[in-house]
C-alpha cells in the first residue's frame, strides 16, 4: 500500500517518538503540513517567527534530551531559523530542521527563494540532506535522529523539495536506531583513580552532556565519593546542587579574576562532558594552553578530545557511564581535601551571598533576583536570555540540582521568550520564569503571542536599562569614552505585555521590589515585569565606574 512522501515524513517522525514540533507555515511544505493535520498525532505549534520556532525546538531538546523538531519554508524562513541551528551546534543540542525547497526541476536555476542548504549549513549542521527520492525518506530520517544524538549532539537539516512531497511511495518507517554509549575500560578507570588519589587539589569541570537526571546523579555521586569540587561550564550551573560544599561556581562570562585564580590553583582537572570552550575556560587560560595542571578530558566525541587542549589522558566515552563507574569504584582511602574544599566554599559563599548594592540610576537587577529567591519552586525552570543581566541570576540564585536553567551557550539574543513557550508546553505544571534584557526581549518578544495562544503562564522579568548592556560593557573596557549604537529607546514593557493579554507590572524603585515580586509570583497567569534597571550597575560583578577605573 502506497502513501505520499509527506505522509511518510510524518509517519517517520511518529516512529521516532516525536510528540511536538514547532513551525511557521510556508507554501514550500504545504503537503507536509497537511499530513501533520490529517494524521493529528504530533502537536504542531505555530510560532510567529522562524527564529522563535527554532529556539523553541532547541529549548525542547534541552528539556527532553531528544531532538527538537522545527519546520520552516525556503529562503527567508530558513535564514531566519539559522540562528537556532547555530545555537544547537554551539550548545551541543540535538535538533532537526526541516526546510521546504523549490521543486526538483528548479534546483540550481536560482529559482524564487532558492538556497543551497548544503553550503549554507555545511559548517553549522552535522549533516544536511536534500531528499530527492521519496523511497529514501525512512533511511534519511532515521539517520538524522541517530547523528543528531551521537558524539557531540547537534543539528541536522533535512530539505524537502516541494514536488517530492507529493510522490507516492511504498516505503515504511524504520525502527529507531540506537545511539551507542561507550564505557571506559577498567584500566583507564584504575589509572584515573590513581591520579585522583594522588591529587591534593583536584577539580571537576562538568559540562552540558551531563544535563539530565542520570548525569546529574552520577556527577554528584562521583564528586562526593572522591571529595572533588565541581565547577560547572557556561550556562550549566543547574547540573550540580549549588548549596553543597563541593560547588565551585559557574564558569560564565566575566567571572571575577579571584575566582579564576583560586580554581587555577588546582593540580588536576577532570573535564567531563564539556568541549572546554573559550567562555568556560575564560579565554583558554583555565586550563591554559598547555595546561598547567594534569588534565583528564572525558567526552564521547573523538573530534573534541585533544583538539584544543593536550590532555594527559583523554577518553572518548559516555560521560554519565564514566561517572557512574568512577563513583562505584571509589577511593581505597578517603582523600583529605578539607583545606582545598574549604577555600573554595568560603569564596563561593562570599561571592553568591554578597548583597547587591543599591544604584542611583535605577534598580539594581540583583535586588529583584534576591527578592525572587523565596518564591522559587523546588522544580522551577529558569530561562536566561543573552546579556549581562543574567549574571545576577547566576550569582544570586543557588540552584538545588532539581531546578533547571535554560540559556544559549551560543550567546544568541532572543532565546528567552521562545524557550519559555517550549518549557511551558513540555512542563505545564512547573514554574516557568524567564529573564530578558531590553535588547533580546524586542527580538523575539512577539512569541508572547504564542505563549498566550498555548496557555503558558510564564513570568517574564525584563531588565530595562536602555542599553545593549553587554556591548556597552565591552565599549567601556576597550574603547573608553565612546558610546556607539548601544543606547535604546524602549516601549513600556508592562503595557506591551498587557497588549498580548498578560499582566503588566513595573518596578521603578527599590522599595517596591519585594511587594511587586510577590504580586507577580502570586498571579495565576502570564506576567511581564518591566524592571527599570541601573545601567551603572552593568553586571553583577562590574559597574561602569569600575570599568572607567
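Just a few scattered comments:
- Å³ per residue enclosed by the Cα convex hull of segment 186-350: 96 Å³
- Put simply, segment 124-281 fits an ellipsoid with semi-axes of 42, 19, 12 Å; these come from the alpha carbon gyration tensor as the roots of five times its eigenvalues, largest first.
- Here residue 360 and residue 523 are evaluated by their C-beta separation; at R0 = 25 Å the FRET efficiency comes out at 0.25.
- In a fully extended conformation the segment linking residue 479 and residue 217 would gain 89.8 nm over its present Cα-Cα distance, using 0.36 nm per residue.
- Once the C-beta distance of residue 536 and residue 346 is scaled by a Förster radius of 25 Å, the resulting FRET efficiency is 0.30 to the nearest 0.05.
- Normalised size of segment 354-548, defined as Cα radius of gyration per 2.2 N^0.38 Å with N residues, equals 0.96.
- Potential lengthening of the chain between residue 375 and residue 106 amounts to 91.2 nm, from the contour at 0.36 nm per residue minus the alpha-carbon distance.
- Taken along the Cα-to-beta-carbon direction at a fixed 7 Å, the label points for residue 332 and residue 186 span 1.6 nm.
- Net length gained if the chain between residue 512 and residue 1 were fully extended (0.36 nm per residue, minus Cα distance): 177.3 nm
- Antiparallel %, DSSP beta bridges [both residues in segment 354-548], to 5: 5 percent
- Taking each DSSP H run with n ≥ 4 as -39500 (n - 2.57) and averaging over every residue of the chain yields -11000 deg cm²/dmol at 222 nm.
- DSSP-defined antiparallel bridges as percent of all bridges, the chain, nearest 5: 5 percent
- Volume per residue for the chain equals 151 cubic angstrom (convex hull of Cα atoms).
- Projected-area mean, segment 301-356, by convex hull of Cα positions, square nanometres: 6.9 nm²
- Amide N proximity, segment 94-113 versus residue 132 label position 7 Å along Cα-to-Cβ, cut-off under 19 Å: 99-111
- For segment 354-439, dividing the convex hull volume of the Cα atoms by the residue count gives 101 Å³ per residue.
- Here each label is just a point 7 Å from Cα along the line to Cβ, and for residue 261 and residue 64 those points are 4.8 nm apart.
- Under the simplified labelling scheme, the residue 285-residue 488 pair shows an inter-label distance of 2.9 nm, with each label point 7 Å from Cα along Cα→Cβ.
- Highest-first arrangement of 76-83, 211-218, where packing means the average Cβ count within 10 Å: 76-83, 211-218
- Ordering of 319-326, 128-135, 355-362, 26-33 by packing is 319-326, 26-33, 128-135, 355-362, highest average first (other Cβ atoms within 10 Å, averaged per residue).
Quick note: the coordinates plus some simple rules give every number you see, no bench work behind them. If you're wondering where the values come from, they're calculated on a predicted model, not measured in any experiment. Here Cβ is always computed from backbone atoms with ideal geometry, including for glycine, and neighbour counts include all displayed protein chains.
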